[in-house]
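One structure below.
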């Protein structure tokens, strides 16, 4: 029997102007139920992203993640992500982010597991992760912005550099 769960991740991002779910972007382990789209609620500089779906890890979802994000160096998990990319994920989806300076990027959020908790991964072409440290670098020319990424198993913090 498959069960849906409320899966929440918090993004602390004071410099984000908007955050939108990319329609039909959910990739989930075959046979798992899901309600789309993910809901996004902003409170000050905090964004709560929630999706109601099943949780069953698979290597197929993780393989798809690697292709979508651009490779191992484009994946980061603040907790349990020492050896990217993830080997198994329950699901992932895409978000379109626009900063207050007008820069935009597509980011992917994926849920895996680490120890006794579900952990969250972030990835994309604009994410660079090396030695369990990561940055988000978006924009071009004079409007380029760089954010250091950190957090916990269910929170990702974007600190402007």
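FYI, it's all coordinate maths here, none of it is from the lab. This structure is a prediction, so every number in the text was calculated from the model and none was measured. Here the Cβ positions follow ideal geometry from the backbone for every residue, glycine too, while neighbour counts run over all protein chains shown.
Using a Förster distance of 41 angstrom, determine the FRET efficiency expected from the C-beta separation of residue 52 and residue 100, and round it to 0.05.
Efficiency computed from Cβ-Cβ geometry: 0.85.
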Theoretical gain in end-to-end length, residue 155 to residue 36 [0.36 nm per residue, Cα-Cα removed]
40.7 nm
Compute the acute angle (0 to 90°) between the alpha-carbon long axis of helix 59-69 and the principal axis of greatest extent of the alpha-carbon atoms of the chain; round to the nearest 10°.
20 degrees
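For the chain, what does -39500 (n - 2.57) per DSSP helix run (n ≥ 4), summed and divided by total residues, give at 222 nm, in deg cm²/dmol to the nearest 500?
When only DSSP H runs of four or more count, the value is -2000 deg cm²/dmol.
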Distance in Å, no decimals, from the C-alpha centre of the stretch 1-52 to the one of the stretch 107-121 is 13 Å
In whole percent, what relative contact order does the stretch 1-138 give with Cα contacts below 8 Å and a gap of six or more residues?
25 percent
